[in-house]
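What follows is a set of notes on a single structure, which appears directly below.
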Amino acid sequence: MKRGLADWINFYNTGRPHSSLGDRTPYEAYNGLEIQIWKENDKMTESFHLISV
């Protein structure tokens, strides 16, 4: 029982997106991971524009 509850809590915090957190997991929101993802996306977009111009 304790193992199942621990697994569920882990999933809830690290694997399940929450709409109130902008569809991020609590882990992502707490650690600011979305910011890093957007920075990487911006770099890719900038590279694409440089190549396509």
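Scanning the range 1-15 for residues that are modelled with pLDDT of 90 or more and not in a helix (DSSP H, G or I) yields one hit, G15. Which one is modelled with the lowest pLDDT, of the residues in the range 16-34 that are surrounded by 10 or more Cβ atoms within 10 Å (Cβ to Cβ), part of a helix (DSSP H, G or I) and not aromatic (F, W, Y)? Residue satisfying both the conditions and the ranking: E34.
The values are calculated or read from the model by the stated rules, or taken from the named source; none is laboratory data. Computed from a predicted model, the values in this text were never measured in an experiment. FYI the Cβ positions are ideal-geometry reconstructions off the backbone, even for glycines, and counts take in every protein chain you see.
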